[in-house]
Every structure is written in C-alpha cells, then in structure tokens.
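Quick notes on the structure that follows.
The values are calculated or read from the model by the stated rules, or taken from the named source; none is laboratory data. The structure presented is a predicted model; accordingly, all values stated were derived computationally and were not measured. All Cβ positions, glycine included, derive from the backbone under ideal geometry; neighbour counts span all protein chains shown.
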C-alpha cells in the first residue's frame, strides 16, 4: 500500500500495527523468542501489514534484463537458531545454480480464461478477511455474491524465526486453513523481527544461505499441514520502506534476488511441495531510480507470478477517480508496468492485495469507478488471480461490508458477483 513520508507520519503503518498486536500476543502466551521455541499456543495470528507506500514514480520502466547466476559454491553455511542477537554482518551473495529443483507436483490453482476473452468474474478471486478465518471468507462470499478460490493470510513478522518455523507457532495457520477448500496465498517475511522490532537477519546473510534451513523447515510444516500447494509471497512489497527486507539500492537489490533464489531452492527441495512463488513489489515504490526492477528480479526459474499490490489512492490535486487510476497504472512499479514486465518474462500478473481506501487524506473513499476500472483491467490482461484486502487497519479502511463504501459495494457485486 503506497504512501509518502508525510503520509506515513499521518497514520501508523501496518507494520507498526502488526508489531503491536503480535507483541501483545507474545506477552499473553509467554512466548520467549530467545529460546529454542515457544510453548504451543492456540492464539490467533497477528494481523498483516498494509503500510502506506509512496506515490508512484513517473520514471519509465527499464527493459528487463536476464542475469545468469554464478556457479554454486561448496561451502555449507548453517542456519541460525532463533535468537535476538545482533543481525549478521554483510556477506556476499551466495552463488546458485540457474534452475532450482522443479515442483514435485503441478500447482493446484485453476487456470484463468484467456485475457481479452473473459469477464472479471473469470479471473480467479481471493480475499483477506483477517488471520486464520475461513468462515469470514465464506461470509464475504455470501455478502458480495463472489466465489473466492483463494484465501490470503500472513506469517507473523515480529516473532522471530520461531514464529515462522515451529509447528506450535504455525498451528493457528495450518489448523485454520487445512481442508477449507481455499488455496492459501501466504505472505512470507524474509527477515522477521523479535518482539521489540529488532531484525533477525539481513538480505546479505540470506543471500549467503544462512537461513536456508529455516525455510526448509517452513516448507515441511506447510506440507505437513496440508498447505503444500500454497502461493507464497516472499518478502512482499520489498520496494517500500516499511519492512526489514526493504530494498533500498542496487546492492540490496542483488542480495534480495539472490536470497529469493535461495529460499525457492530450499523450499522446493521438500518432498510433497507444489508451491507457487510470487515476486511481489508494491504499486509506486519508495526509492525512485535507486535501482531497477530487473536488478531485484530473481530470474524466471524462481518466479511463477509477477505480483503488484494496489490501493485506491490519489496524491495529486484535484483528487478524481481518473487521476487516482492514472497514478496506479503509470510509471515504474505501476499496474501497466507490471503487465509489461511480466509479459517480457513469460509470466502472468497477480494482484495479491488490492482495495478501496478510506480514512486517510489520499484515500478515494467510496469510489465505484475504481472497482469497475480495475475489473476491466484484469479482464483485459494476463492476470493469474487477485485478492481483495477486506480489513480496516491504522493507515486506511478497506472493509467493503462495514457501510463505508455503499456505492463501491454495489459496483463490486455487479463486477465480481
């Protein structure tokens, strides 16, 4: 979700909100992130972040490049145990083979109808309604007339590596979604923090393979929990400035791409997996021309979908639906850029987060034009799936069913129901 430095100061970012909720949860259940792992809990997962991102750049998108990964090294680097110690020092990116192991089975997601020959209803639809809540997804479907195939959720960002890897701390996720009938779209942090917000790693250390074992364990837990076909958004919204895995310059971009490859390779090594991996920037970005999208791209062998997150905001004056859509679609890291970049890689586009936006100055509020224009856009392009973010958070309200968006809700039922 995009915002500017000023916009960020006007409201708490999602990352802060999630951290606060997770800290409270950790206090309640007595989780000790400095130990080998917390005691089993049945508490709900923390809410995810949709922190506002900066206004989109107007810089033209560069032509994508293809980078050949260097030959692999033979040095084994052990994964760290979950701790709250200082983050690792910068290390060179680990060399990886050009192609990771193939999926052990094809993905379970449905194939969309050809672009240009379908209605928006034919594009596979998903929704986020809160953590671990399949009943909420069903209620949203009934209220909107939609037929979600995907359910979005997020791993905790502030419970250290244990919050991402231990069966006891993942039971809220696997227990909730197993057997629900929905394909899980899961936000996967690349660098979690501890309860105090201290990052438990670096992009460079991840690129050097220091966290591979943690992602093998995560894959094993997901497979064991019936989520071996999950769609994984590794280090989502990396081009924003609100997560510990933010990519700020060309060096970070190279480390991010190498780390992404390391994670995919590690997770695909687990028997029974059929994961899909989404490379998922945010509409707009925070760092201008500090690096190109191609510099942060892991390579086609490691990416299934090119993702982009977008919310209905307008940072110009006057604020009109047409101006808001122009900002969302134009420039590097915009919707139209994502389509072109994905096509150049031979990949479909995914929109794992999108939504109306109210309660903040840049939000367009009850804007049915955004819903209808977005529906026409996904129908006209090669879009694998979308997922509406149906939740109210500190930096914006998006809940279609709370009475804030009556006209947009009517349009939503018409376009997607």
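Considering only residues that are within 27 Å of residue 377 (Cα to Cα), touching a residue at least 60 places away in the same chain (Cβ under 8 Å) and either in a helix (DSSP H, G or I) or touching a helix residue (DSSP H, G or I) at 6+ places or on another chain (Cβ under 7 Å) (or both), which ones fall in segment 121-150?
Once the filter is applied, which keeps residues that are within 27 Å of residue 377 (Cα to Cα), touching a residue at least 60 places away in the same chain (Cβ under 8 Å) and either in a helix (DSSP H, G or I) or touching a helix residue (DSSP H, G or I) at 6+ places or on another chain (Cβ under 7 Å) (or both), segment 121-150 yields 121, 122, 123, 125, 127, 129, 130, 140, 143, 144, 145, 146.
Please determine whether any residue of segment 354-371 is part of a helix (DSSP H, G or I), in contact (Cβ under 8 Å) with a residue 12 or more places away in the chain and surrounded by 23 or more Cβ atoms within 10 Å (Cβ to Cβ).
There is at least one residue in segment 354-371 that is part of a helix (DSSP H, G or I), in contact (Cβ under 8 Å) with a residue 12 or more places away in the chain and surrounded by 23 or more Cβ atoms within 10 Å (Cβ to Cβ).
Against the definition (over 17 Å from residue 239 (Cα atoms) and not in a loop (DSSP other than H, G, I, E, B)), how does residue 258 come out, yes or no?
In short, no.
Residue by residue, here is whether (1) out of contact with any helix residue (DSSP H, G or I) (no Cβ under 6 Å at 6 or more places or on another chain); (2) closer than 21 Å to residue 158 by Cβ; (3) surrounded by fewer than 21 Cβ atoms within 10 Å (Cβ to Cβ); (4) at pLDDT below 95 holds:
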| residue | (1), (2), (3), (4) |
| --- | --- |
| 226 | yes, no, yes, no |
| 253 | no, no, no, no |
| 259 | no, yes, no, no |
| 302 | no, no, no, no |
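Condition test on residue 403, is it free of Cβ contacts under 8 Å to residues at least 24 places away in the same chain and more than 17 Å from residue 120 (Cα to Cα)?
Spelling it out, residue 403 is indeed free of Cβ contacts under 8 Å to residues at least 24 places away in the same chain and more than 17 Å from residue 120 (Cα to Cα).
Looking only at residues in segment 392-404 that are out of contact with any helix residue (DSSP H, G or I) (no Cβ under 7 Å at 6 or more places or on another chain) and surrounded by 22 or more Cβ atoms within 10 Å (Cβ to Cβ), which one is farthest from residue 137 (Cα to Cα)? Before the answer, list the steps.
Pass one, segment 392-404, residues out of contact with any helix residue (DSSP H, G or I) (no Cβ under 7 Å at 6 or more places or on another chain): 392, 396-399, 402-404.
Filter once more, so that each one left must be surrounded by 22 or more Cβ atoms within 10 Å (Cβ to Cβ): 396, 398.
Details: 396: 20, 398: 15 Å.
Ranking the qualifying residues of segment 392-404, first place goes to 396.
If you go through segment 326-346 one residue at a time, do you hit one that is more than 16 Å from residue 384 (Cβ to Cβ), assigned to a helix (DSSP H, G or I), in contact with a strand residue (DSSP E or B) (Cβ under 8 Å, 6 or more places away or on another chain) and touching a residue at least 40 places away in the same chain (Cβ under 8 Å)?
Yes, because at least one residue in segment 326-346 is more than 16 Å from residue 384 (Cβ to Cβ), assigned to a helix (DSSP H, G or I), in contact with a strand residue (DSSP E or B) (Cβ under 8 Å, 6 or more places away or on another chain) and touching a residue at least 40 places away in the same chain (Cβ under 8 Å).
What is the one condition in (1) more than 13 Å from the chain's Cα centre (by Cα); (2) at positive phi that residue 235 does not satisfy?
Going through (1) more than 13 Å from the chain's Cα centre (by Cα); (2) at positive phi one by one, residue 235 breaks only (1).
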